[in-house]
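Asker: Sharing a structure below in structure tokens format, with a few things to ask.
The values are calculated or read from the model by the stated rules, or taken from the named source; none is laboratory data. This structure is a prediction, so every number in the text was calculated from the model and none was measured. Please note: Cβ atoms are built from the backbone with ideal geometry, for glycine as well, and neighbour counts cover all protein chains shown. When the accessible area is computed, the model is the full protein with side chains, heavy atoms only, and any ligands, DNA or RNA have been set aside. Shrake-Rupley method; radii C 1.70, N 1.55, O 1.52, S 1.80 Å.
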Amino acid sequence: MIRAIKGTKDILPADIPRWRYLEETVRRIFENFNYKEIRTPVFEETALFARSIGEETDIVSKEMYTFTDKGGTSITLKPEMTAGVVRAFIEHSLGAQQPLSKLYYISPMFRQERPQAGRLRQFHQFGAEALGSTSPLLDAEMIQMAYEVLSSLGLKDLSVKINSLGVPADRENYKKILREFLSDKKDMLSEDSRKRFDKNILRIFDSKVESDQELIKGAPLLIDYISEESKNDFEIVKEYLSKLSIPFELDPKLVRGLDYYTKTTFEIISGKVGAQSALLGGGRYDLLVEQLGGKPTPGVGFAAGMERILLACQNENSFTVDEPSIDIYIVRIDKELDLVVSEIASKLRKENIATDYDYLQRSVKAQMREANKMNAKFTLFVGGDEFKEGMINLKNMKTGEQQSISVENLTETIQSIIKN
Ligand code: HAM
């Protein structure tokens, strides 16, 4: 038997109501902040990701699904959306149409990571990107919007972590300082961190190895070496977050796993999902558009892992959804009335009344069991003497109340009953 690929998951009909609830919450809140949806292709040229996320990052160096297509082009399934959104922003000159583009997305992403709870190879993100303003108020508002989605879902065990990575010159200067600090400890670092020492030294802060964490404990911190402008902007972000009553903590070791960030970065962590605790992450990327060949345009955004969020919601029992139901289930009393039943169903469906009936020649009793199982709001009994007289019995499944309605204006009557 062929099974789903490791690290991918089927979302079955029983899971769908929770997914839809999450998606509807995201759309409602994002649209209240005037973000417009954008959909970009699932695959892009590999170079797009290499140039934006960074060659030395884990995502690009280890985790991408990359293949050469029949035309010889190197293609990659998108591991994140920011690169694709920025590419589309440049390609369609969205900046020329509007000074500030506020965009959002809900989409599958692909990363070949080691699967575990909350870490998949095909997963889903929702996220937002605002292109065109350097205002730190927008950074704070982005965090507010992300936080609002999570709290609207009823999540409570959340912590918002923020940091500033300054501008590239700050970072280059700081990397030298960090390299100096770690130079006599390099041999004691884990193999991964030794590699990072040469290629991407900031990411040593992300190491999960305890001895690495010990070694960097007293390290100088980037936040103490950022430019005046970055510092001032960061102060405004913090001030505005306080005004918005968003609780946050400063985390000077929050370096994020993608190279395009400048200034503000943030993550929201859940205490309820185990090791993969980051529900979402993001930050400012003021140089990315330019780096990808567009006119210099600042940007800020974030993306959230939907599987992780749903896992947190489940573990906190943070929201419930209604059981799926239908409006009408038609029980066919006389076998020869099959065609009549299907005709009635078709009329009701045309009027947007969700209707179903039996296709398996089951007994009246079995059909009634099915009506219960489907959570039907009403059952229609078609057949018997009543039907010969042009009437049909309608039963309200909640109250048990029954009434006889005329076949002639069946849909109108049912519509008015359902509406009440
Ligand atoms: P990221 O931190 O790589 O950022 O991913 C954002 C979120 O996606 C993570 O916090 C996590 O919840 C979820 N996620 C990542 N990898 C997986 C996985 N393998 N399985 C399940 N969930 C996962 C970005 O993607 C940036 N594009 C965010 C951004 C937007 N920055 C600026 N704009």
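Asker: Quick one: how many lysine pairs does segment 1-105 have with C-alpha atoms less than 20 Å apart and a gap of 8 or more or different chains? Give me the count, please.
Answerer: 6
Asker: Suppose we look only past 16 Å in the calculated P(r) of segment 328-419. What percent of the Cα-Cα pairs does that tail hold?
Answerer: On the way: 2040 of 4186 pairs.
When every Cα pair of segment 328-419 is considered, 49 percent fall beyond 16 Å.
Asker: Further, regarding this structure: Note down the nm distance, to one decimal, between modelled labels 7 Å out along Cα→Cβ at SER74 and at GLU31.
Answerer: 4.1 nm
Asker: Per the Kirkwood definition applied to all pairs of different Cα atoms, how many angstroms is the hydrodynamic radius of segment 169-217? Don't jump to the answer; show the numbers that get you there.
Answerer: Values: mean 1/r = 0.0936 Å⁻¹.
The answer is 10.7 Å.
Asker: Pull out a ≥ b ≥ c, the square roots of the eigenvalues of the alpha-carbon gyration tensor of segment 71-193, then state rounded if a/c is under 1.5, prolate if not and a/b is larger than b/c, and oblate in the remaining case.
Answerer: Taking the square roots of the gyration eigenvalues as a ≥ b ≥ c, segment 71-193 is rounded.
Asker: Quote the relative contact order of segment 252-347 in percent (integer), defining contacts as alpha-carbon pairs under 8 Å separated by 6+ residues.
Answerer: 19 percent
Asker: Right, next: In Å², what does the accessible area per residue of segment 340-418 work out to with a 1.4 Å probe?
Answerer: Per-residue value: 60 Å².
Asker: OK, next. May I ask you to give the percent of accessible area on the chain that is carbon plus sulfur, with a probe radius of 1.4 Å?
Answerer: Summing carbon and sulfur atoms, their accessible area is 49 percent of the total for the chain.
Asker: Sequence gap at least 6, Cα distance under 8 Å: using those rules, report the relative contact order of segment 162-229 to the nearest whole percent. Before the final figure, lay out each step's value.
Answerer: Details: 57 pairs, mean separation 32.4, N = 68.
Normalised by residue count, the contact order of segment 162-229 is 48 percent.
Asker: I've got another one for you. To the nearest 20 debye, what is the magnitude of the charge dipole of the chain about its Cα centre, counting +1 on the Cβ of each Lys and Arg and -1 on the Cβ of each Asp and Glu?
Answerer: Numbers: 58 positive and 64 negative charges, 136 e Å.
Its charge dipole is roughly 660 debye.
Asker: Output ³J(HN,Hα) for segment 141-155: one whole-Hz value per residue in order, computed from phi by the Karplus curve 6.51 cos²θ - 1.76 cosθ + 1.60 with θ = phi - 60°, and x for Gly and Pro.
Answerer: 5, 4, 5, 4, 5, 4, 5, 5, 4, 5, 6, 5, 7, x, 6
Asker: Tell me the label-point distance for the pair ASN352, LYS365, using the 7 Å Cα-to-Cβ offset, in nm and rounded to one decimal.
Answerer: Taking the simple label geometry, ASN352 and LYS365 are separated by 4.0 nm.
Asker: Here's another thing I want to ask about it. Once you sort the root eigenvalues of the Cα gyration tensor of segment 1-95 as a ≥ b ≥ c, which label holds: rounded (a/c under 1.5), prolate (a/b larger than b/c) or oblate (the other case)? Mind showing how you got there, number by number?
Answerer: Details: a/c = 2.18, a/b = 1.14, b/c = 1.91.
Oblate, since a/c reaches 1.5 and b/c is not below a/b.
Asker: Let me ask something else. Are there chymotrypsin sites (Phe, Trp or Tyr not before Pro) in segment 345-420 that DSSP puts in a loop and that have at most 16 other Cβ atoms within 10 Å, and which ones?
Answerer: Details: sites: TYR357, TYR359, PHE378, PHE381, PHE387; in loops: TYR359.
When the chymotrypsin sites (Phe, Trp or Tyr not before Pro) of segment 345-420 are filtered for loop state and at most 16 Cβ neighbours within 10 Å, TYR359 remain.
Asker: From the square roots a ≥ b ≥ c of the eigenvalues of the alpha-carbon gyration tensor of segment 13-54, which class results: rounded (a/c under 1.5), prolate (a/b over b/c), or oblate? Numbers along the way, then the final one.
Answerer: Values: a/c = 3.31, a/b = 1.70, b/c = 1.95.
In terms of gyration-tensor shape, oblate.
Asker: Please sort 128-137, 4-13 by packing, taking for each peptide the average over its residues of neighbouring beta carbons within 10 angstrom, highest first. Provide the component values of the computation, followed by the final result.
Answerer: On the way: 128-137: 20.4, 4-13: 10.8.
Ranked by mean Cβ neighbours within 10 Å, highest first: 128-137, 4-13.
Asker: Let me ask another. Give me the Kirkwood hydrodynamic radius of segment 147-264, using the inverse of the mean 1/r over all pairs of distinct Cα atoms, in Å to one decimal.
Answerer: Answer for segment 147-264: a Kirkwood hydrodynamic radius of 15.7 Å.
Asker: Per residue, how many Å² of accessible area does segment 169-217 show with a 1.4 Å probe?
Answerer: On a per-residue basis, segment 169-217 sits at 61 Å².
Asker: Under a straight-distance cross-link criterion of Cα-Cα below 17 Å, which lysines are reachable from LYS263, leaving out those fewer than 8 residues away in the same chain?
Answerer: LYS161, LYS175, LYS231, LYS238, LYS253
Asker: Using a simple spin-label model with points 7 Å from Cα along the Cα→Cβ vector, what separation in nm is obtained for GLU336 and GLN213?
Answerer: 7.8 nm
Asker: Suppose a student asked you for the relative contact order of the chain, using Cα pairs under 8 Å spaced at least 6 residues apart; what percent would you report? Can you show the working numbers first?
Answerer: Working: 708 pairs, mean separation 65.9, N = 420.
Here the relative contact order equals 16 percent.
Asker: If the only charges are +1 at each Lys and Arg Cβ and -1 at each Asp and Glu Cβ, what is the size of the charge dipole of segment 169-217 around the Cα centre, to the nearest 20 debye?
Answerer: Working: 13 positive and 12 negative charges, 38 e Å.
The dipole of segment 169-217 has a size of about 180 debye.
Asker: What is the diffusion coefficient of the chain in µm²/s, taking the Kirkwood radius over Cα pairs and the Stokes-Einstein relation at 37 °C with a viscosity of 0.692 mPa s?
Answerer: Working: Rh = 25.0 Å.
Rounded, D is 131 µm²/s.
Asker: Return the percentage of antiparallel bridges among DSSP beta bridges fully within the chain, rounded to the nearest 5 %.
Answerer: Numbers: 51 of 63 bridges.
So the antiparallel bridges in the chain amount to around 80 percent.
Asker: Could you give each residue of segment 49-57 its phi-based ³J(HN,Hα) in whole Hz, using Karplus coefficients 6.51, -1.76, 1.60 with θ = phi - 60°, and x for Gly or Pro?
Answerer: 6, 4, 6, 9, 6, x, 4, 8, 6
Asker: State the answer as a single residue: which of LEU310, SER207, TYR240 lies farthest towards the positive end of the charge dipole of the chain, with beta carbon charges of +1 for Lys and Arg and -1 for Asp and Glu, about the Cα centre.
Answerer: Positive-end residue among those listed: SER207.
Asker: While we're on this one: Taking segment 293-349 as the region of interest, what is the percent of Cα-Cα pairs per 5 angstrom bin, listed from the shortest bin to the one with the maximum distance?
Answerer: Result, from short to long distances: 4, 11, 11, 9, 7, 6, 7, 9, 11, 9, 5, 4, 3, 2, 1 percent.
Asker: OK, next. Subtracting the Cα-Cα distance from 0.36 nm times the residue separation, let me have the gained length for ILE417 to GLU249 in nm, one decimal. Display every interim value, and only then the final one.
Answerer: Values: separation 168, 0.36 × 168 = 60.48 nm, distance 5.41 nm.
Full-extension gain reported as 55.1 nm.
Asker: Please list log₁₀ I(q)/I(0) at q = 0.10, 0.13, 0.18, 0.24 Å⁻¹ for segment 43-130, using the Debye equation with identical point scatterers on the alpha-carbon positions.
Answerer: -0.29, -0.48, -0.85, -1.24
Asker: Another one. Got a sec? Charge dipole of segment 328-419, +1 on Cβ for Lys and Arg, -1 for Asp and Glu; which of LEU337, GLY383, ASN396 is way out at the positive end?
Answerer: It is ASN396.
Asker: Per DSSP H run of n ≥ 4, the term is -39500 (n - 2.57); total these for the chain, divide by its residue number, and report the mean residue ellipticity at 222 nm rounded to 500 deg cm²/dmol. Don't skip to the answer; put the middle values down first.
Answerer: Details: 15 runs with 156 residues, N = 420.
Rounded to the nearest 500, the figure is -11000 deg cm²/dmol.
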